[in-house]
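Engineer: I'd like to ask you about the structure that follows.
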Protein chains: 2
Amino acid sequence: MDAVVTYQSVRTHNQRHDYPCVTALREAPPMLSTMQDVPLLVSRILRHGSTVHAASRITTWTGEGEPRRQTFGETGERAAQLAHALRDELGVVEDDRVATLMWNNAEHVEAYFAIPSMGSVLHTLNLRLPSDQLVWIVGHAADRVILVDGSLLPLLAPLLPRLETVEHVVVVGAGDTSVLEGCRPAVHDYESLLRGRPTVYDWPELDERRAAAMCYTSGTTGDPKGVLFSHRSMYLHSMQVNMAQSMGLTDADTTLPVVPMFHVNAWGLPHATFMTGVNMLLPDRFLQPGPLAEMIDAERPTHAAAVPTIWQGLLAELAEKPRDISCLRSVTIGGSACPPAMMRAFEEEHGVRVCHAWGMTETSPLGSFAHPPAGLSPEEEWPYRISQGRFPASVEARLAAPDGTFAPWDGESPGELEVRGPWIAAAYYGGATEEPLKPEDKFSPDGWLRTGDVGVITPDGYLTLTDRAKDVIKSGGEWISSVELENALMAHEAVAEAAVVAVPDEKWGERPLATVVLKEDAGDVGYDELRAFLAERIARWQVPERWTIIPAVPKTSVGKFDKKVLRGQYAAGELDVTRL
Amino acid sequence: MDAVVTYQSVRTHNQRHDYPCVTALREAPPMLSTMQDVPLLVSRILRHGSTVHAASRITTWTGEGEPRRQTFGETGERAAQLAHALRDELGVVEDDRVATLMWNNAEHVEAYFAIPSMGSVLHTLNLRLPSDQLVWIVGHAADRVILVDGSLLPLLAPLLPRLETVEHVVVVGAGDTSVLEGCRPAVHDYESLLRGRPTVYDWPELDERRAAAMCYTSGTTGDPKGVLFSHRSMYLHSMQVNMAQSMGLTDADTTLPVVPMFHVNAWGLPHATFMTGVNMLLPDRFLQPGPLAEMIDAERPTHAAAVPTIWQGLLAELAEKPRDISCLRSVTIGGSACPPAMMRAFEEEHGVRVCHAWGMTETSPLGSFAHPPAGLSPEEEWPYRISQGRFPASVEARLAAPDGTFAPWDGESPGELEVRGPWIAAAYYGGATEEPLKPEDKFSPDGWLRTGDVGVITPDGYLTLTDRAKDVIKSGGEWISSVELENALMAHEAVAEAAVVAVPDEKWGERPLATVVLKEDAGDVGYDELRAFLAERIARWQVPERWTIIPAVPKTSVGKFDKKVLRGQYAAGELDVTRL
């Protein structure tokens, strides 16, 4: 609608048959509501959590001895002290980036709230990144201050000479500070810095679209990319986390965020907990299966969140040394697809319900959540539960099909998932003096995020991801799923592993190349047999013409097929390819 | 903080001891996030509900025979048709007010989504108001169109000659349209208007602060006041309703909003349901205890929402003719304080948990929700459950004390409740050509809503309301609760009823006047005895000096003490007051 009518004309023209004329009158301002114009700020979550839910608790695991315990009320007071220290002692002003190199602990929560609430930007550093990347990221963000866990000083100290923007290092907890001797930045002790400062702070009323926190993604190619979360996006995301259809947490819960606080804000849990008074159990650096089983057994959390690898390790640990984890009413798993066998094992052996979720740094990260529809039997629920799940109302989704249209939600037509919403990235941080970055392969011209994931969506909105977009074979305007071909191949009894990659083809643009690792006892299985085997299982036009048997599929550092290497080897003529 | 540093200076000044100088540089724009700037719109909720939750159902009770059933998908299509009809056939443009005079039914839900989504303003008319007020409200809102249930034509028809702004009447469902013969506005049939129109609509991308819906409150004094809800306020409120700490609804639920859709948007339930696919059971005009019991027994809702009177009636109905309502896992009660005995009866006799909530039109209405803290025994929970509950993070609260300060949250110090948040009103609609209204007694100078309710808040954030502010006695800078005095008086065995009102006092500003109705068999109880009885129970300075025995306490139409009448009688010297 381009038409707006002035308020006067509404009032005085009872008969308005001259409607087209009214269209021309675009002078009246739009009719605004009479609601309060109150910004959605991190400081509001902090103020709420530390007053209404002052008695809720943060418990930090210490490995041995008693865990450290503090209330939300105390956390609010310490967050105020931290903000005073940063402002008055270290000269941190609005928009300054303050980095953390920390595990999941109470002090990290204090930083989570103090830094955005005072108008500065919390920059969580991923301590697992290679040091060159860490140095690049700190420089790109121009961090002025780094808060670092004492236990992580050995990691930080060698990098300090190269961290040119950093003026202050604040050491949290005990650690060998001798490694910092002679370093350029000023060194402070966290507790000494806070001591004696006022326990209230007059948090500024900010524009809710302002940057509140940042997190860099470590792409496999190119420089890391920084996502700048806003107060608004974090506030809305926290509400979503607490919605019954997502994690549904209340102050009767205790959540255990195993997912690190340097990894997309621990999936938003620290903010979400303060919004509803959910108690937190924080593992600090004790992320091994043994201590995790200990702390669950001892502290009885009702919810936990982690990537599949962690849970797999916990299962093995419990098989070896049983402990009671039945206190967990639900466990959220994300980060990568979760093996159904593991979900079943948790449920059948430990009475713990596992919920699958999908997201990425650019989606804050809550993108979808795999609650099955109501009224199904446990067996009927499985296909829904192992999918990536349904989108919340604030995440709009579409599938960009290979032909430039959008694929229907029919559960069959694949497309690259694109999403839009108030907690989805529109760009990456360009650096202090540069415009935001909007690489074409990550953002559509109309502003949607291109996730790089290919999948299908059912008519009732369940997403199933199959491939990374870069691993899909674009053959004559249609897409071939490499994962589907690989699964079909690996179903053959002689095949140990199989990786399928796209290679250039004059006629079709791209075609699949099948790279196969045979089992030791495979005998004389040939390409013809494998091709015939495939032809019975998938559409004929998808069957590869190009085949090669290799000794092993190259893998990335986290054990995934490294298809970039295979494509490189093919391009360099290093593979012995048979064309059928 | 007033300081902002330009991005350049952050990058190039590693050592910044000149921090105060930087403060002067307020030139750089604040650092915005890289999140998408996606508005929170009613159309987004509609699009989500009618696609991702297309299979969720709206069931409308019909009294006899089969209920009418339609899916969210169909509702989305019909909402699009309605928007086309309003725009193309009736000439409705953005910001036009379109009124509804309707019960809770599927068509009302269609209007709920179509009208705001197309950029117009939904105006729900309270069919229980006196006709003069209805006429005034329609004129003040300048409604151009009224959608009316066929069953409500006898109510609307006599008013039409006085509804000067109304150009179109759209009749929904069957009804005696003969009463409309000869009326000035054009008359349309809802179904004929929709038939054949496109089932998709290109909903405009609006400013989220724009007016989406309006609702007038019927104050006891002065003209009704219109609250203009925004897209933003309704979107955020819907998220809150679905948070586990509020109603916690999911697509496994079916909710029964008995609270009328003309009463603060049925507490936000129609929007909240589309946000998460919650099925709806709508009672249409069948709000009597009998049909309510029928529909609960037959359709098995898991949640319901209504005012206490309705539930009291249902209890009596079930006592007389038992039916199974155990399908209700929770029932939300609000609108006025809920008798604890009723809550117990629901729980003990029917296995239905009742949750108390507080709100008002100006708070959208979700203001607080009475979930008890975790870990208490059922008996320990009661004081929390009969309170008004705790505030969500988006509702900030303070108690304005009689001395001009804010009262502490100590569970004892009373104050007038003031609230602030993104779904709280900042003003009332002033009319088409006027500024918004901000009466001093409703809005504080710094923009908080003055609720007119007096109460206390405990250290853990539980609100208990005791008096309406206008019924509190402001005596020498302290407040005396009229309700507390009344309860103390009514505990005397000779007292049938007692009402306490403030009357002017030269020395103290105001003092309490005790008006007492004695029981028939009260004997010769005198003022001295009553005063002595009070003095043992309340602080001496609160004991009234002025007493009068009256035959009955005047009551309002809903049975509450009408203290306005008592104050008037006192001022006019019509009461026989004894001064002790």
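Engineer: Restricting to helices (runs of 4 or more DSSP H) lying wholly in the range A:269-357: which have 3 or more residues that are small (Gly, Ala, Ser)?
Structural biologist: Correct list: A:289-299, A:308-320.
Engineer: Filter the range A:75-107 down to residues that are acidic (Asp, Glu) and surrounded by fewer than 24 Cβ atoms within 10 Å (Cβ to Cβ) and give me whichever is farthest from the other protein chains (Cβ to nearest Cβ).
Structural biologist: A:Glu77
Engineer: Of all residues in the range B:174-186, count the ones that are surrounded by fewer than 16 Cβ atoms within 10 Å (Cβ to Cβ) and not in a loop (DSSP other than H, G, I, E, B).
Structural biologist: Of the residues in the range B:174-186, 4 are surrounded by fewer than 16 Cβ atoms within 10 Å (Cβ to Cβ) and not in a loop (DSSP other than H, G, I, E, B).
Engineer: While we're looking at this one, here's another question. So, in the range A:424-435, of the ones that are of a type outside the set (Phe, Trp, Tyr) and at pLDDT 95 or above, which residue ends up farthest from A:Pro392 (Cα to Cα)?
Structural biologist: Among them, the one singled out is A:Ala427.
Engineer: Just one of A:Arg69, A:Arg78 is of a type in the set (Lys, Arg), part of a helix (DSSP H, G or I) and touching a residue at least 12 places away in the same chain (Cβ under 8 Å); which is it?
Structural biologist: After ruling out the rest, the residue left standing is A:Arg78.
Engineer: Is it the case that the range B:166-174 has a residue that's over 23 Å from B:Asp88 (Cα atoms) and touching a Gly at 6+ places or on another chain (Cβ under 8 Å)?
Structural biologist: Yes, the conditions are met somewhere in the range B:166-174.
For (1) surrounded by 20 or more Cβ atoms within 10 Å (Cβ to Cβ); (2) in contact (Cβ under 8 Å) with a residue 60 or more places away in the chain; (3) of a type in the set (Phe, Trp, Tyr); (4) out of contact with any Pro (no Cβ under 6 Å at 6 or more places or on another chain), each residue gets a yes or a no:
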{"site": "B:Ser330", "(1), (2), (3), (4)": "no, yes, no, yes"}
{"site": "B:Cys338", "(1), (2), (3), (4)": "yes, no, no, no"}
{"site": "B:Ser368", "(1), (2), (3), (4)": "yes, yes, no, yes"}
{"site": "B:Pro373", "(1), (2), (3), (4)": "no, yes, no, yes"}
{"site": "B:Arg385", "(1), (2), (3), (4)": "yes, no, no, no"}
{"site": "B:Ser394", "(1), (2), (3), (4)": "yes, yes, no, no"}
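Engineer: Could you list all residues from the range B:380-436 that are within 16 Å of B:Ser364 (Cβ to Cβ) and of a type in the set (Phe, Trp, Tyr)?
Structural biologist: Those that are within 16 Å of B:Ser364 (Cβ to Cβ) and of a type in the set (Phe, Trp, Tyr): B:Phe391, B:Trp423, B:Tyr428, B:Tyr429.
Engineer: Is there a residue in the range A:446-454 that is touching a His at 6+ places or on another chain (Cβ under 6 Å) and crowded, with 19+ Cβ neighbours inside 10 Å?
Structural biologist: no
Engineer: Going by what's in this entry, would B:Ala316 be described as without any contact (Cβ under 8 Å) to a residue 60 or more places away in the chain and either open to solvent by 20 Å² or more (accessible area, probe 1.4 Å) or of a type in the set (Val, Ile, Thr) (or both)?
Structural biologist: yes
Engineer: Which one of the conditions (1) within 14 Å of another protein chain (Cβ to nearest Cβ); (2) touching a Phe, Trp or Tyr at 6+ places or on another chain (Cβ under 6 Å); (3) aliphatic (A, V, I, L, M) does B:Leu463 fail to meet, given that it meets all the rest?
Structural biologist: B:Leu463 satisfies every listed condition except (2).
Engineer: Which members of the range A:176-208 meet the condition of being touching a residue at least 12 places away in the same chain (Cβ under 8 Å) and more than 27 Å from A:Gly73 (Cα to Cα)?
Structural biologist: If the condition is that a residue be touching a residue at least 12 places away in the same chain (Cβ under 8 Å) and more than 27 Å from A:Gly73 (Cα to Cα), then A:Asp176, A:Thr177, A:Val179, A:Leu180, A:Cys183, A:Arg184, A:Pro185, A:Ala186, A:Val187 are the ones that fit.
Engineer: Taking the condition of being closer than 20 Å to B:Arg44 by Cβ and surrounded by fewer than 20 Cβ atoms within 10 Å (Cβ to Cβ), how many residues in the range A:401-416 meet it?
Structural biologist: Result for the range A:401-416: 1.
Engineer: What is the residue count in the range A:222-231 for residues that are in contact (Cβ under 8 Å) with a residue 40 or more places away in the chain and more than 7 Å from every other protein chain (Cβ to nearest Cβ)?
Structural biologist: 5
Engineer: With respect to A:Leu194, determine if the residue is modelled with pLDDT of 95 or more, open to solvent by less than 20 Å² (accessible area, probe 1.4 Å) and away from chain B (no Cβ under 14 Å).
Structural biologist: So A:Leu194 passes the test.
Engineer: Is there a residue being of a type in the set (A, V, I, L, M), open to solvent by 60 Å² or more (accessible area, probe 1.4 Å) and out of contact with any Pro (no Cβ under 8 Å at 6 or more places or on another chain) anywhere in the range B:207-227?
Structural biologist: no
Engineer: Another question about this same structure. Given the condition closer than 18 Å to B:Gly367 by Cβ and either modelled with pLDDT of 95 or more or not assigned by TED's automatic domain parsing to the domain that holds B:Thr124 (or both), answer yes or no: does some residue in the range B:214-224 qualify?
Structural biologist: Yes, the conditions are met somewhere in the range B:214-224.
Engineer: Please specify each residue of the range A:135-166 satisfying the condition of being part of a loop (DSSP other than H, G, I, E, B) and either open to solvent by 10 Å² or more (accessible area, probe 1.4 Å) or free of Cβ contacts under 8 Å to residues at least 12 places away in the same chain (or both).
Structural biologist: A:Glu164, A:Thr165
Engineer: If a residue must be out of contact with any Leu (no Cβ under 9 Å at 6 or more places or on another chain) and either free of Cβ contacts under 8 Å to residues at least 12 places away in the same chain or away from chain B (no Cβ under 11 Å) (or both), how many such residues does the range A:27-41 contain?
Structural biologist: 4
Engineer: Turning to a different aspect of this structure: Quick one: in the range A:432-452, of everything that is at the interface with another protein chain (Cβ under 9 Å from one of its Cβ atoms) and among the small types (Gly, Ala, Ser), which residue is farthest from A:Arg144 (Cα to Cα)?
Structural biologist: A:Gly447
Engineer: Now a separate question. Looking at the range B:233-251, is at least one residue part of a strand (DSSP E or B), within 14 Å of chain A (Cβ to nearest Cβ) and not polar (S, T, N, Q)?
Structural biologist: Yes: the range B:233-251 contains one or more residues that are part of a strand (DSSP E or B), within 14 Å of chain A (Cβ to nearest Cβ) and not polar (S, T, N, Q).
Engineer: In addition: Looking at the range A:45-55, which of its residues are within 18 Å of A:Glu205 (Cα to Cα) and open to solvent by less than 10 Å² (accessible area, probe 1.4 Å)?
Structural biologist: A:Ile45, A:Leu46, A:Gly49
Engineer: Just to be sure, is A:Pro414 away from chain B (no Cβ under 14 Å) and without any contact (Cβ under 8 Å) to a residue 40 or more places away in the chain?
Structural biologist: no
Engineer: While we're looking at this one, here's another question. Please list, ordered by residue number, the strands (runs of 3 or more DSSP E) wholly in the range A:381-496 having 2 or more residues that are more than 28 Å from A:Lys225 (Cα to Cα).
Structural biologist: Of the strands (runs of 3 or more DSSP E) lying wholly inside the range A:381-496, those with at least 2 residues that are more than 28 Å from A:Lys225 (Cα to Cα) span A:478-480.
Engineer: Take the range B:546-575 and flag every residue that is open to solvent by less than 50 Å² (accessible area, probe 1.4 Å) and in a loop (DSSP other than H, G, I, E, B).
Structural biologist: Correct list: B:Ile550, B:Val553, B:Pro554, B:Thr556, B:Gly559, B:Asp562, B:Leu575.
Engineer: Checking A:Glu110 against (1) open to solvent by less than 10 Å² (accessible area, probe 1.4 Å); (2) of a type in the set (Asp, Glu); (3) within 16 Å of A:Tyr216 (Cα to Cα), which single condition isn't satisfied?
Structural biologist: Of everything listed in (1) open to solvent by less than 10 Å² (accessible area, probe 1.4 Å); (2) of a type in the set (Asp, Glu); (3) within 16 Å of A:Tyr216 (Cα to Cα), A:Glu110 misses just condition (3).
Engineer: Filter the range B:524-545 down to the residues that are open to solvent by 60 Å² or more (accessible area, probe 1.4 Å) and either in contact with a Lys or Arg (Cβ under 6 Å, 6 or more places away or on another chain) or part of a loop (DSSP other than H, G, I, E, B) (or both) and list them by number.
Structural biologist: B:Asp524, B:Glu536, B:Arg537
The values are calculated or read from the model by the stated rules, or taken from the named source; none is laboratory data. Quick caveat, the model's predicted, so the values are computed rather than measured. Counting neighbours? That spans all protein chains shown, and the Cβs are built from the backbone with ideal geometry, glycine included. Ligands, DNA and RNA are stripped out before the accessible areas are found, and what is left, the full protein with its side chains, is counted by its heavy atoms. Shrake-Rupley method; radii C 1.70, N 1.55, O 1.52, S 1.80 Å.
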